[in-house]
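The values are calculated or read from the model by the stated rules, or taken from the named source; none is laboratory data. Remember, it's a predicted structure, so these values are computed and weren't measured experimentally. Ideal geometry is used to build each Cβ from the backbone, glycine not excepted, and the neighbour counts take in all protein chains shown. The protein model used for the area step is the full one, side chains on, heavy atoms only, and it has no ligands, DNA or RNA in it. Shrake-Rupley method; radii C 1.70, N 1.55, O 1.52, S 1.80 Å.
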Amino acid sequence: MTLSLQDLKPDQIEAFKKQSQVAFDAEIKRRQDVVAAQPALREVLHQNVHPQTLCGCGCQQNICGYFNFSGCGCGCGPQTETIQISSSLCNIGPEAPQQGTSVRFIGQATGTGTSLNISNAYLQGTVPDAENLIGIQLTLQLSINQGALSLAILEGNRLLAVLVHPSQYAANINGQFYGSGFGTFTRA
């Protein structure tokens, strides 16, 4: 199923933006809890400054587009799996999805899961100064479980964005996976 913000009503768009922010805040909280439980990781995972201050102006930009997730496993149960992640056209920038810089995304994540084949999942997230992410290798954390998919994008160990899908389309997300990897946005 394909979906874009043009297919959503204004109140659904606002709810989607809030959902994206909640996912981002939850990931920061999860990372802080890991640090609290394992003080040795404090230097690795510490995230003291909110990422929206990285661009110096508190600006927020969007990353949004259609992503594909495919694995080559047998689907017989949880196993080590490498998921290929790609996008058709995405937009990034302050006016995305209506306007923005057109990019494509290529990446992969390795972890434990079932065979996946999710096509054209519309994802969106907020990131500081998104256009500076073009051409930079980014760290990824992909989580798929019970109709929920989130793709955390990090620069090194600093969380930049969590891309999520609209909650009303959870039925289109199937399979299970949790893992990490790398990916890059390139100009389309």
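So the values come out like this:
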{"read-out": "Subset of the range 173-188 [open to solvent by less than 70 Å² (accessible area, probe 1.4 Å), at negative phi and not in a strand (DSSP E or B)]", "value": "Ile173"}
{"read-out": "Residue list for the range 133-148, filter: touching a Leu at 6+ places or on another chain (Cβ under 9 Å) and either more than 14 Å from Gly107 (Cβ to Cβ) or at pLDDT below 90 (or both)", "value": "Leu133, Ser143, Ile144"}
{"read-out": "Cross-chain or 6+ apart pairs with Cβ under 7 Å, the range 78-106 first and over 20 Å from Leu138 (Cα atoms), then at pLDDT 85 or above and in a loop (DSSP other than H, G, I, E, B)", "value": "Pro78/Gln176"}
{"read-out": "Residue match in the range 140-161 (condition: closer than 19 Å to Ser87 by Cβ, out of contact with any Lys or Arg (no Cβ under 8 Å at 6 or more places or on another chain) and assigned to a loop (DSSP other than H, G, I, E, B))", "value": "no"}
{"read-out": "Meets criteria (in contact with a strand residue (DSSP E or B) (Cβ under 9 Å, 6 or more places away or on another chain), in a helix (DSSP H, G or I) and at pLDDT 70 or above) for Ser20", "value": "yes"}
{"read-out": "Any hit, the range 83-92, residues being in contact with a Leu (Cβ under 8 Å, 6 or more places away or on another chain), farther than 20 Å from Gln19 by Cα and open to solvent by 40 Å² or more (accessible area, probe 1.4 Å)", "value": "no"}
{"read-out": "Some residue of the range 158-171 being more than 22 Å from Ala23 (Cα to Cα) and either at pLDDT below 90 or over 12 Å from the mean Cα position of the chain (by Cα) (or both)", "value": "no"}
